[in-house]
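The values are calculated or read from the model by the stated rules, or taken from the named source; none is laboratory data. These figures come from a predicted structure and were not determined experimentally. Methodologically, a virtual Cβ is constructed for each residue, glycine included, from the backbone with ideal geometry; neighbour enumeration extends over all protein chains shown. Only protein heavy atoms, including side chains, enter the accessible area calculation; ligands, DNA and RNA are left aside. Shrake-Rupley method; radii C 1.70, N 1.55, O 1.52, S 1.80 Å.
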Amino acid sequence: MDTVDRTLIALMVGTLVMGISVNVQATVIYQDLPTANSIFESHHGVFGPVLADDFSSSIGGTITKVEWWGTAASSTQWEITFHTDNSGEPNVDSTVDGGLSQHLPVIAAGTDIGNGIFHYEALWSPLDLSILPNTSYWFSVANIATGWNWALADGAPEVGSQAYGAVVSTGAVCTNGGPHCGPWVALTATAPTNLAFRLTVPEPASLALMGIGIAGLGAMRRRKQCAK
């Protein structure tokens with residue numbers, strides 16, 4: 001391996017490392033912080049109940065991390081589901097009844113932030129969910145065990161926007177073992193109720209750096225093959 005090759009490899013690896021480092025500083029595309037725990041339970045099971053709330057962002061991208069708030073959970077295993085919007089309620093829009101994308105189990109242990117509210121977070125892996133900007137989606141989180149309640153949001157989202165109040169499903173049995181087929185019902189009859197959660201995607205600079213690094217390593221490989 002000559003000096004040029006060593007230099008190019010160092011540059012490509014350095015670029016990849018920079019990309020991964022920048023990725024830690026993810027972009028928050030939606031955030032609605034908690035104010036208090038709700039009375040609404042979200043439980044994975046044949047009949048739920050399962051809660052869902054909508055969100056929209058001016059920025060599209062691939063979801064890398066999800067965060068949510070609520071009461072202490074007796075299990076660290078969660079079911080997390082994303083749906084597209086169907087005229088104000090979650091849509092079952094894929095070959096599985098879970099919706100647009102569903103992960104089970106997702107492992108997350110809560111951190112007590114005071115007043116009985118716990119913060120939960122998990123990486124969304126594999127990176128199989130890309131959302132479009134200025135488009136309504138629905139986010140659902142349910143604990144595997146019973147007795148966990150999602151926290152209420154503190155008002156209008158700090159990042160992103162909403163069009164509807166949260167909904168709950170305790171109805172039809174879907175083939176994936178949960179009630180994500182609905183019917184979906186508003187949590188309150190008098191006013192919209194929103195739930196606290198946060199979603200992030202990688203910064204554009206991160207993706208660009210990683211793309212350059214991968215492309216460079218690919219070019220190095222092709223160069224070696226041509227030289228044989």
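Here is the figure for region 102-149: residues that are hydroxyl-bearing (Ser, Thr, Tyr) and either out of contact with any His (no Cβ under 9 Å at 6 or more places or on another chain) or outside any strand (DSSP E or B) (or both) total 6. Residues in region 28-71 that are of a type in the set (Gly, Ala, Ser) and outside any loop (DSSP other than H, G, I, E, B): ALA36, SER38, ALA52, SER56, GLY61, GLY70.
Here is the figure for region 169-193: residues that are β-branched (Val, Ile, Thr), in contact (Cβ under 8 Å) with a residue 60 or more places away in the chain and open to solvent by 30 Å² or more (accessible area, probe 1.4 Å) total 3.
Conditions tested, residue by residue: (1) closer than 22 Å to ASN143 by Cβ; (2) free of Cβ contacts under 8 Å to residues at least 40 places away in the same chain; (3) among the hydroxyl-bearing types (Ser, Thr, Tyr); (4) out of contact with any Ser or Thr (no Cβ under 7 Å at 6 or more places or on another chain).
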| position | (1), (2), (3), (4) |
| --- | --- |
| LEU51 | yes, no, no, no |
| ASP54 | yes, no, no, no |
| ILE63 | yes, no, no, yes |
| VAL66 | yes, no, no, yes |
| THR76 | yes, yes, yes, yes |
| THR81 | yes, no, yes, no |
| THR84 | no, no, yes, yes |
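Taken over region 102-138, the residue count meeting the criterion of being β-branched (Val, Ile, Thr), under 14 Å from the mean Cα position of the chain (by Cα) and under 17 Å from ILE29 (Cβ atoms) is 1.
Restricting region 34-50 to residues that are aliphatic (A, V, I, L, M) and touching a strand residue (DSSP E or B) at 6+ places or on another chain (Cβ under 7 Å), the residue that is farthest from THR175 (Cα to Cα) is ALA36. Restricting region 67-91 to residues that are crowded, with 18+ Cβ neighbours inside 10 Å and of a type in the set (A, V, I, L, M, F, W, C) leaves a set whose member that is farthest from ALA151 (Cα to Cα) is PHE82.
Filtered by the rule that a residue be surrounded by fewer than 18 Cβ atoms within 10 Å (Cβ to Cβ) and closer than 17 Å to PHE197 by Cβ, region 50-66 gives ILE59, LYS65.
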